[in-house]
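Here is the structure we will look at, set down as structure tokens.
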Amino acid sequence: MINQILNNKALMKIDEIWTNALDFLGQAWWIEVLTTQPRCIYYFGPFRGAELANLAVSGYVEDLEGEAAQGIKTQVNRCHPARLTIEYDLDK
């Protein structure tokens, strides 16, 4: 049992290192979430594969809906966002 736990921790660390390397190279996958209210773009990630990112989309949407965000649209992209949240001021 202890060996299995240690093996799982080692595998998780290897996965984290791999994902970070992909992100550094701009090859990681990110979830891009656009909302109309508030008018924002959110980035969630990085993920080592598009499949993993797509599996996580619903959780992020659910969280934003819980915060009363409206007009939510998502897409999964390979990118390396400079900022995780971009807010647009409607008054300017």
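Nothing in this text is a laboratory measurement; each read-out follows from the coordinates by a stated rule. The shown structure was predicted, so the numbers you read here are calculated from the model rather than taken from an experiment. Cβ sites come from the backbone with ideal geometry, for glycine too, and all protein chains shown count toward neighbours.
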request  = Determine which single condition Ala53 fails, assuming it passes every other condition in (1) among the small types (Gly, Ala, Ser); (2) touching a residue at least 12 places away in the same chain (Cβ under 8 Å); (3) exposed (fewer than 11 other Cβ atoms within 10 Å of the Cβ).
outcome  = (3)
Meets criteria (assigned to a helix (DSSP H, G or I), acidic (Asp, Glu) and closer than 25 Å to Phe24 by Cα) for Glu51 = yes
inquiry  = Name the single residue that is farthest from the chain's Cα centre (by Cα) among those in segment 59-78 being free of Cβ contacts under 8 Å to residues at least 40 places away in the same chain and within 22 Å of Asp15 (Cα to Cα).
reply    = Gly59
task = Determine whether segment 58-70 contains at least one residue that is surrounded by 17 or more Cβ atoms within 10 Å (Cβ to Cβ) and in contact with a helix residue (DSSP H, G or I) (Cβ under 9 Å, 6 or more places away or on another chain).
result = yes
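Can you tell me how many residues in segment 56-85 are assigned to a strand (DSSP E or B) and under 11 Å from Glu32 (Cα atoms)? Working first, answer last.
As a first pass, look at segment 56-85 and keep what is assigned to a strand (DSSP E or B): 70, 73-78, 85.
From what is left, the residues that are under 11 Å from Glu32 (Cα atoms) are 73-78, 85.
Number of matching residues: 7.
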ask   = So which residues in segment 26-50 are surrounded by 18 or more Cβ atoms within 10 Å (Cβ to Cβ) and under 19 Å from Ile14 (Cβ atoms), if there are any at all?
value = Ala28, Trp29, Gly45, Pro46, Phe47, Arg48
